[in-house]
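**Student:** Sharing a structure, written as structure tokens. Questions coming.
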């Protein structure tokens, strides 16, 4: 199975960077997600996960380093988490680490809300590399 | 949408507000990114205040882009409207205006009342409820107004003005304390 890599664009644009590794189950979503057409973008991620869950059936270790996501993206990220929850409930090893800027209370609470809806444990990781800068 | 119908640009005659951004037209992806980048660096660099302004700007702009009843080129094209960001002494204020179908107004005003009559914890609860029940195959999440209230920490003010039996102008004001 192939990796999923979407270059995205940091700083000046709206699409996140995606690197899903089929051989290790390490998946990273970073940058920002405030694109308007979220369905098409996140569908690629969901389809990759479906394939991984069916064919590879290995562990999944998700790392989120998103510094902002709009409300449309929050719905898509929720669906991604619901899929991870369903997979974890089958006995699979699923870990989610969400890196955030400790000054960003809104992000911390927003992720907490997603975890509550999906009934999924999310490890919140304070990350100095995500501080406001530039 | 003519200025004489909008009323939003009256500030130019009065000159009493410090206008940082004023835009009228289609809310395209490029416009959002260009204006968004400028708003984010309102203090010359990225910081927490600029980030909040940016997030409010994106939600307000995408609201116009998606839901404005005025679009050139069909449903998938970006909606038209106006946005102003002002710097008052102790707060920033966004005002947006666009046309909306009259059929949607009752639901929007109900949501607005619901949002403005509750505190932050209940806003988050409301957000979770609506997000959990959002329609999967639609782009919007149905939580934009709630998020505006959470991010800004202030009530969201909405006014409407009928144009005809089908459409009205909707004006949304969001205030961010400094």
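The values are calculated or read from the model by the stated rules, or taken from the named source; none is laboratory data. Just so you know, these numbers come straight off a predicted model, no measurement behind them. Please note: Cβ atoms are built from the backbone with ideal geometry, for glycine as well, and neighbour counts cover all protein chains shown.
**Student:** Tell me which of these residue A:95 doesn't satisfy, since it passes every other one: (1) within 29 Å of residue A:1 (Cα to Cα); (2) surrounded by fewer than 21 Cβ atoms within 10 Å (Cβ to Cβ); (3) within 10 Å of chain B (Cβ to nearest Cβ).
**Tutor:** It fails just one condition, (3).
**Student:** For the stretch B:66-77, does any single residue satisfy the condition of being surrounded by fewer than 17 Cβ atoms within 10 Å (Cβ to Cβ), outside any helix (DSSP H, G or I) and modelled with pLDDT of 95 or more?
**Tutor:** No, because not a single residue in the stretch B:66-77 is surrounded by fewer than 17 Cβ atoms within 10 Å (Cβ to Cβ), outside any helix (DSSP H, G or I) and modelled with pLDDT of 95 or more.
**Student:** What number of residues in the stretch B:36-57 are within 19 Å of residue A:108 (Cβ to Cβ) and either under 11 Å from the mean Cα position of the chain (by Cα) or facing chain A (nearest Cβ under 7 Å) (or both)?
**Tutor:** Selection size over the stretch B:36-57: 6.
**Student:** Turning to a different aspect of this structure: Can you tell me which of (1) in contact with a helix residue (DSSP H, G or I) (Cβ under 7 Å, 6 or more places away or on another chain); (2) under 13 Å from residue B:172 (Cα atoms) is the one residue B:109 doesn't meet?
**Tutor:** Result: residue B:109 passes all but (1).
**Student:** Please enumerate the residues belonging to the stretch B:83-103 that are surrounded by 14 or more Cβ atoms within 10 Å (Cβ to Cβ) and farther than 21 Å from residue B:154 by Cα.
**Tutor:** Selection gives B:98, B:99, B:100, B:102.
**Student:** State yes or no: is residue B:55 within 27 Å of residue B:90 (Cα to Cα) and crowded, with 18+ Cβ neighbours inside 10 Å?
**Tutor:** Yes; evaluated as a whole, the condition is true for this residue.
**Student:** For residue A:14, work out the one condition from (1) farther than 25 Å from residue B:51 by Cα; (2) touching a strand residue (DSSP E or B) at 6+ places or on another chain (Cβ under 7 Å); (3) surrounded by 13 or more Cβ atoms within 10 Å (Cβ to Cβ) it doesn't fulfil.
**Tutor:** Among (1) farther than 25 Å from residue B:51 by Cα; (2) touching a strand residue (DSSP E or B) at 6+ places or on another chain (Cβ under 7 Å); (3) surrounded by 13 or more Cβ atoms within 10 Å (Cβ to Cβ), residue A:14 violates only (1).
**Student:** Separate question: Assess whether residue A:13 counts as being within 11 Å of another protein chain (Cβ to nearest Cβ), in contact (Cβ under 8 Å) with a residue 24 or more places away in the chain and closer than 27 Å to residue B:147 by Cβ.
**Tutor:** No: the conditions fail for residue A:13.
**Student:** So which residues in the stretch A:37-65 are at pLDDT below 95 and surrounded by 22 or more Cβ atoms within 10 Å (Cβ to Cβ), if there are any at all?
**Tutor:** A:38
**Student:** Can you pull out the strands (runs of 3 or more DSSP E) entirely within the stretch A:19-114 that have at least 1 residues that are in contact (Cβ under 8 Å) with a residue 24 or more places away in the chain, touching a strand residue (DSSP E or B) at 6+ places or on another chain (Cβ under 9 Å) and closer than 21 Å to residue B:33 by Cβ?
**Tutor:** The qualifying strands (runs of 3 or more DSSP E) are A:26-33, A:60-69.
**Student:** Take the conditions surrounded by 22 or more Cβ atoms within 10 Å (Cβ to Cβ), closer than 26 Å to residue B:65 by Cβ, under 11 Å from the mean Cα position of the chain (by Cα) and within 14 Å of chain B (Cβ to nearest Cβ) and apply them to residue A:72. Does it pass?
**Tutor:** It is false that residue A:72 is surrounded by 22 or more Cβ atoms within 10 Å (Cβ to Cβ), closer than 26 Å to residue B:65 by Cβ, under 11 Å from the mean Cα position of the chain (by Cα) and within 14 Å of chain B (Cβ to nearest Cβ).
**Student:** I want to confirm something. Restricting to the stretch B:123-137 and keeping residues that are under 24 Å from residue B:51 (Cβ atoms) and at the interface with chain A (Cβ under 7 Å from one of its Cβ atoms), which single residue is surrounded by the most Cβ atoms within 10 Å (Cβ to Cβ)?
**Tutor:** The qualifying residue surrounded by the most Cβ atoms within 10 Å (Cβ to Cβ) is B:127.
**Student:** Continuing with the same structure: For a quick check of your reading of the model, give me the residue pairs whose first member lies in the stretch B:20-31 and is within 12 Å of chain A (Cβ to nearest Cβ) and surrounded by fewer than 17 Cβ atoms within 10 Å (Cβ to Cβ), whose second is modelled with pLDDT under 95 and in a helix (DSSP H, G or I), with beta-carbon atoms closer than 6 Å and at least 6 apart or on different chains.
**Tutor:** none
**Student:** Just to be sure I understand, how many residues within the stretch B:138-166 are more than 7 Å from every other protein chain (Cβ to nearest Cβ), closer than 23 Å to residue A:68 by Cα and without any contact (Cβ under 8 Å) to a residue 12 or more places away in the chain?
**Tutor:** Qualifying residue count for the region: 1.
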